[in-house]
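Below: the structure, in structure tokens.
The values are calculated or read from the model by the stated rules, or taken from the named source; none is laboratory data. Here the structure is a predicted model, which is why all the values come from computation and not from measurement. As a convention, Cβ positions derive from the backbone with ideal geometry for all residues, glycine included, and neighbour counts pool all protein chains shown. Heads up: the accessible areas ignore ligands, DNA and RNA and are worked out on the full protein's heavy atoms, side chains in. Shrake-Rupley method; radii C 1.70, N 1.55, O 1.52, S 1.80 Å.
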Amino acid sequence: MGKPTGFLEYARKTNGAVSPSERIKNYEEFHPPMTAEERQEQGARCMNCGVPFCQSGMQLAGMFTGCPLHNLIPEWNDAVFTGNWDHALSRLRKTNNFPEFTGRVCPALCEAACTCGLYGDPVTVRENELAIVETGFREGTMKPQIPEVRTGKKIAVIGSGPSGLACADQLNHRGHEVTVYEKSDRIGGLLMYGIPNMKLDKSVVERRVHLMEQEGVRFVTGADVGGTVPAEKILAEYDAVILCCGAKNPRDLNAEGRASVQGVCFAVDFLQSTTKALLDNGLKEGTFLSAKDKNVVIVGGGDTGNDCVGTCIRHGCKSVTQLEMMPKAPDSRAENNPWPQWPRICKVDYGQEEAIAKFGRDPRTFQITVKKLIPDEKGNLKAIETVDLKPEKDAKTGRTVMTPVPGTERVLDAELLIIAAGFLGPCGYIPEAFGVKVNARSNVETKPGSCRTNVEKVFAAGDMRRGQSLVVWAIAEGRAAAKEVDEYLM
């Protein structure tokens with residue numbers, strides 16, 4: 001522990017942010033870093049408590065708290081405080097393959113479990129993590145680590161999202177020959193096309209991919225395994241195959257007119273369209289799904305819905321409204337949600353901040369859903385009809401369900417409707433092509449406590465196995481699969 005009184009002497013301080021009115025003018029990241037001295041003070045706040053819940057990664061009250069990667073947080077916080085950045089990086093890399101990703105987009109399960117947060121403010125764990133790895137890249141200590149010995153074993157990783165990249169990184173460093181197949185035109189999966197550029201600049205993803213290439217990982221883009229690339233070919237050529245294709249099957253909207261009205265899209269397509277056009281041609285008009293001058297309604301109140309809000313505002317939308325089925329969470333912890341459980345509270349994210357700055361109001365409406373889509377004479381969306389919802393106990397199951405309230409129908413102008421209601425599992429043709437079983441939730445079924453499928457030498461990891469989740473969980477899944485594959489091969 002670097003400074004026993006650090007948490008008493010220094011207040012929590014986070015990276016600043018470009019004002020909402022300024023940052024909506026571009027698609028750049030908007031959190032400038034602190035100075036090294038300021039960051040060292042934040043590292044000094046770590047108490048090195050006897051039971052570091054921050055790195056626990058355990059389930060409490062049905063939700064996880066603490067880091068799923070079990071990052072050695074007190075160790076590298078102490079190294080940050082003492083200015084030993086190289087040592088901090090070496091400890092961070094032991095458990096986290098991609099801290100430059102989690103340091104930007106993770107909701108910081110570690111901070112929710114920080115002991116400092118019991119009666120005060122938690123340590124800035126996520127930003128400390130980001131500072132460590134960015135210092136490493138800047139000072140040249142993040143160098144290629146090329147395996148000295150190769151095993152001769154060939155492994156195919158299908159999908160280049162965070163789970164696929166983590167799996168490939170681990171197995172490559174064990175000396176195996178790893179090839180990563182990606183359906184899209186760029187490597188990164190949801191890191192590339194599912195997360196907007198202002199949250200995760202794509203040069204950060206490309207930098208890591210380039211480093212992995214230098215270390216020996218082979219990447220193949222435009223390869224739709226199970227589609228244009230036969231699964232049989234992959235199975236014949238490789239000693240092991242890991243399916244890391246994500247959960248890309250979006251949940252649809254059950255509303256009158258959904259099948260016939262034009263002007264409706266899924267959030268994953270909307271966000272990918274913007275990022276691809278941004279990288280390809282600087283968002284040339286007509287090359288992406290645009291919200292410019294449109295009244296936009298987004299169905300879904302989670303992180304993806306928030307990303308759509310921020311993206312629509314940057315497009316120049318006329319208005320944006322976010323519809324959330326569930327009741328609004330409390331603004332502070334409820335008594336039945338104590339530390340170190342994950343705090344079930346209502347947060348105002350960057351997209352909502354920007355909507356407030358642009359339109360003068362929070363875009364979210366709670367306990368509401370779309371009942372009907374209203375087209376114009378050409379069949380294009382011009383408005384939606386909503387209905388309020390109320391929670392009721394289902395008599396058969398005892399579960400709480402949201403049911404429509406008669407007489408609460410309203411009409412909202414809308415020329416674009418974006419569905420950000422989550423995902424139902426992987427695209428069905430991939431499990432089918434490899435002959436692997438899926439469970440009742442359409443995720444790939446694996447043996448209990450294992451990443452192994454019912455098909456010999458075929459494994460699965462990430463959202464494809466776990467269901468829609470966080471980047472940090474995808475990395476943990478990829479690491480677990482890599483360990484099991486290595487043991488299987490060796």
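For segment 128-139, name all the residues that are open to solvent by 30 Å² or more (accessible area, probe 1.4 Å) and not hydrophobic (A, V, I, L, M, F, W, C).
Residues satisfying the conditions are GLU134, ARG138, GLU139.
I need a count of the residues in segment 113-127 that are open to solvent by 30 Å² or more (accessible area, probe 1.4 Å) and among the polar types (S, T, N, Q).
1
Which of the residues belonging to segment 251-277 are open to solvent by less than 20 Å² (accessible area, probe 1.4 Å) and either aliphatic (A, V, I, L, M) or under 13 Å from ILE298 (Cα atoms) (or both)?
ALA255, VAL261, CYS265, ALA267, PHE270, LEU271, ALA277
Go through segment 149-200 and report how many residues are in contact with a strand residue (DSSP E or B) (Cβ under 9 Å, 6 or more places away or on another chain), of a type in the set (Gly, Ala, Ser), part of a loop (DSSP other than H, G, I, E, B) and surrounded by 24 or more Cβ atoms within 10 Å (Cβ to Cβ).
Total meeting the criteria: 2.
State yes or no: is LYS248 in contact with a Cys (Cβ under 6 Å, 6 or more places away or on another chain) and modelled with pLDDT under 95?
yes
Just checking, which of VAL80, VAL51, VAL123 is out of contact with any strand residue (DSSP E or B) (no Cβ under 9 Å at 6 or more places or on another chain), more than 13 Å from ARG12 (Cβ to Cβ) and assigned to a loop (DSSP other than H, G, I, E, B)?
Going through VAL80, VAL51, VAL123 in turn, the sole match is VAL51.
Cβ-Cβ under 6 Å, sequence separation 6+ or interchain: first residue in segment 378-390 and part of a strand (DSSP E or B) and surrounded by fewer than 16 Cβ atoms within 10 Å (Cβ to Cβ), partner modelled with pLDDT of 95 or more and hydrophobic (A, V, I, L, M, F, W, C). Which pairs?
Taking only residues 6 or more apart or on different chains, the pairs are LYS390/VAL405.
Could you please find all residues in segment 209-243 being of a type outside the set (Val, Ile, Thr) and without any contact (Cβ under 8 Å) to a residue 40 or more places away in the chain?
HIS210, GLU213, GLU232, LYS233, ALA236
Give segment 320-345 a look and list any residue that's open to solvent by less than 50 Å² (accessible area, probe 1.4 Å), out of contact with any Ser or Thr (no Cβ under 9 Å at 6 or more places or on another chain) and under 22 Å from LEU412 (Cβ atoms), or say none.
Selection gives VAL320 alone.
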